[in-house]
Amino acid sequence: MLTAILALSAVFCFGACTKTVTQSVNQVYSATYTINPGDWTLDNSGLFYYKVDISVPEIDDVVVQNGGVEVYLSFDGGTTFDAIPETIAGISYNAIHQVGGVTVGYYTASNIAIQPSLPNAAVLAKVVILDGKPL
């Protein structure tokens, strides 16, 4: 009789337990853009800071407030990508993002008052958007 009671209580105990799984999948998106040598413009700050604005309409207020944007540059046609900010051969590269786009910039690492040479070939910019929500 005791065995039957224990078995019956085990059935009720395990039968009453339920596991609820809430799965939230945030997405990561990426696109690669070509920056041609003529696309770089001199910033109007009076220093030698070159920049290019890339239109990325997928960067919305939700991404700016709760997600993230990462930018990678390739100087070899996409064989390798460097995450920026980064200093490569004496040139510092950086990126800032805002709703609707990314600005990629560069300047001479040793002194922003010294004019760097413009890239003489296309540079690929991979923009990775991390969609997110606050915890």
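The residue that is nearest to T34 (Cα to Cα), counting only those in the range 69-84 that are part of a loop (DSSP other than H, G, I, E, B) and free of Cβ contacts under 8 Å to residues at least 40 places away in the same chain, is D76. Considering the range 94-110, and only residues there that are surrounded by fewer than 21 Cβ atoms within 10 Å (Cβ to Cβ), hydroxyl-bearing (S, T, Y) and more than 16 Å from the chain's Cα centre (by Cα), the residue that is nearest to A125 (Cα to Cα) turns out to be T108.
Condition check: of a type in the set (S, T, Y), outside any loop (DSSP other than H, G, I, E, B) and free of Cβ contacts under 8 Å to residues at least 60 places away in the same chain. Does T87 satisfy that? Answer is yes for this residue.
The numbers here are math on the coordinates, done by the rules we state, and not lab data. In this text, all values refer to a predicted model and were calculated from it rather than measured experimentally. Heads up, the Cβs are rebuilt from the backbone with ideal geometry, glycines too, and the neighbour counts pull from every protein chain shown.
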